[in-house]
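Written out below as structure tokens is the structure these notes cover.
The values are calculated or read from the model by the stated rules, or taken from the named source; none is laboratory data. Quick caveat: nothing in here was measured; it's all calculated off a predicted structure. So basically every Cβ, Gly included, is an ideal-geometry build from the backbone, and we count neighbours across all protein chains shown. What goes into the accessible areas is simple: the full protein's heavy atoms, side chains included, and nothing from ligands, DNA or RNA. Shrake-Rupley method; radii C 1.70, N 1.55, O 1.52, S 1.80 Å.
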Amino acid sequence: MTRPKGPLDGVRVIELATVIMAPFACQILGDLGAEVIKVEAAGGDHSRVMGGGPHPELSGVALNLHRNKRSIQLDLQQPEGREVLAALLDTADVLVTNFRPKALRKLGLGYETVSATRPGLVYCEAHGFSLESGEADRPAYDDIVQAATGLPSLSEAATGAVNYLPTIVGDKVAGLTIAYAVLAALFHRAGTRRGQQVEVPMFDAALAVNLVEHLARAAVPGGKSGYIRVLSPYRRPHRTKDGYIAMLPYNDQSWSDLYHAVGHEHELDDPWFQRRLENPDKVYASLARILTERTSEEWLQLADKLGIPAGPVPEMDDIVSNVELHRGVLSEHQHPQAGTYRQIAPPVRFGATPAGVRSPAPLIGENTEEILRELGLDDHDIAKLIESRAATGARHSSSWR
């Protein structure tokens, strides 16, 4: 029986990108069934060594980030390397890049140049800051964008410490934004046969997400930003007799049911509790005191009985190693070079066109020769490109395991 194909089957994406933001977007497009060809320079994408891993070219990050992709290694400083990329773009539906605008222009890859002979191409460029800001060529990584979008100041308001969030939220939010922007442009192209330039600044994407709740009263000029419930220093997992739990009574009925069940109903009459949305610190502090009276399991059973949202607080290592905690999001698979690894499942379910992992992450340039052959080059042409190092194949084999 033939397995159903993903919803983007037949779409070819060229990924000219590094690190997380744009490669994550292309991972999503690949999971949805698109054919993704990753163009890499000598040494490959930096994400290949991020965080360590089982193979010199396949970090734990790269094993999932570059799945459903083929890799071709090209030297774009050489005319021959640029000619190969141009030929690839002639076959493509989408280009996703996070190269800086100055570098793209220098390589002859600016939108005006590329689109002149490819009117149907969806050309998506992602930068730290927008083209119109004058800062698009400014180097910008997640830390810089977190700072610029106010996350450390929100951390200080909530915890007293000026910190980044312990996740590369700017990169990932921008990656999701790239993915949905490309899908929208492809939908437009389906009806018009016209591609277009799509720009995704990481700063804009991250700030827009931060402001969903934190614009708050500042939505009206003169008001103060910050969603006070989320910024309360008492909004955190709370200690019980034997550990921690997360609990969030969210409406009048939940608070009333909980406090009556544990003999603290008198607190519901306090003036500050009557106006609890304006007094999150006092409300959370009250909840924290009460939760020390019982064990985590006792609270979870009571919360389940009362229909109050609650859950345990496991450590990350426990989550990734316990199927009951990761709920099937992870599964073990064999990579031909890296061996056994944990694969992250696509977080969407389609009834007719399933997302999925069709191929493991490649080594740098693992597919160079096969892609060149698909472009019509013969053995002689390929040998010349490889001899000049305008194109390079994979240097490592399964013996690196």
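Some points to look at:
- Dividing the helix sum by the residues of the chain, where each DSSP H run of 4 or more adds -39500 (n - 2.57), gives a mean residue ellipticity at 222 nm of -11500 deg cm²/dmol.
- Within a Gaussian network of the chain (alpha carbon springs, distance under 10 Å), most fluctuating of Gln73, Gln27, Gln343: Gln343
- Mean separation of Cα contacts under 8 Å (6+ apart) over length of the range 40-194, as relative contact order %: 14
- With 32 Å as the limit, the listed pairs Lys172/Lys241; Lys224/Lys282; Lys106/Lys384 have Lys172/Lys241 beyond it between alpha carbons.
- Based on the reciprocal of the average 1/r between different C-alpha atoms, the Kirkwood radius for the chain equals 24.2 Å.
- Mean separation of Cα contacts under 8 Å (6+ apart) over length of the range 83-124, as relative contact order %: 52
- Whole-Hz Karplus values for the range 341-350 come out as 8, 8, 9, 8, 6, x, x, 10, 10, 10 Hz, taken residue by residue from phi with 6.51 cos²θ - 1.76 cosθ + 1.60 and θ = phi - 60°; glycine and proline positions read x.
- Accessible surface ranking for Lys106, Lys69, 1.4 angstrom probe, highest first: Lys106, Lys69.
- Of the residues Gly43, Gly365, Gly134, the one that moves most in a GNM of the chain with alpha-carbon contacts below 10 Å is Gly134.
- Values of log10 I(q)/I(0), in the order q = 0.11, 0.17, 0.19 Å⁻¹, for the range 209-291 under a Debye, Cα-only, solvent-free model: -0.36, -0.76, -0.90
- Antiparallel DSSP beta bridges within the chain, as percent of all bridges there, nearest 5: 40
- Ranked packing of 252-259, 191-198, 167-174, 317-324, most packed first, by mean Cβ within 10 Å: 167-174, 252-259, 191-198, 317-324
- Against the chain, whose longest principal axis comes from its Cα atoms, helix 252-261 is set at around 60 degrees.
- Accessible area expressed per residue, the chain, with surrounding protein chains retained (probe 1.4 Å, Å²): 52
- With Cα atoms, 0 to 90° folded angle of helix 79-90 axis to the chain main axis: 70
- Nitroxide proxy distance, nm - points 7 Å out along Cα→Cβ at Leu165 and Leu107: 2.9
- Tilt relative to the chain, helix 202-214 - C-alpha long axis, 0 to 90 degrees, to 10: 20
- Förster radius 30 Å - calculated FRET efficiency between Glu80 and Met50 (Cβ-Cβ, nearest 0.05): 0.50
- Largest GNM mean-square fluctuation across Phe99, Phe187, Phe129, computed for the chain with C-alpha springs under 10 Å, falls on Phe187.
- For the range 62-71, Karplus couplings with θ = phi - 60° (6.51, -1.76, 1.60), whole Hz, Gly/Pro x: 5, 4, 9, 5, 10, 5, 6, 10, 10, 10
- Convex hull volume per residue, computed on the Cα atoms of the range 172-243, equals 155 Å³.
- Fully extended contour minus Cα-Cα distance, from Arg3 to Glu132, at 0.36 nm per residue: 41.9 nm
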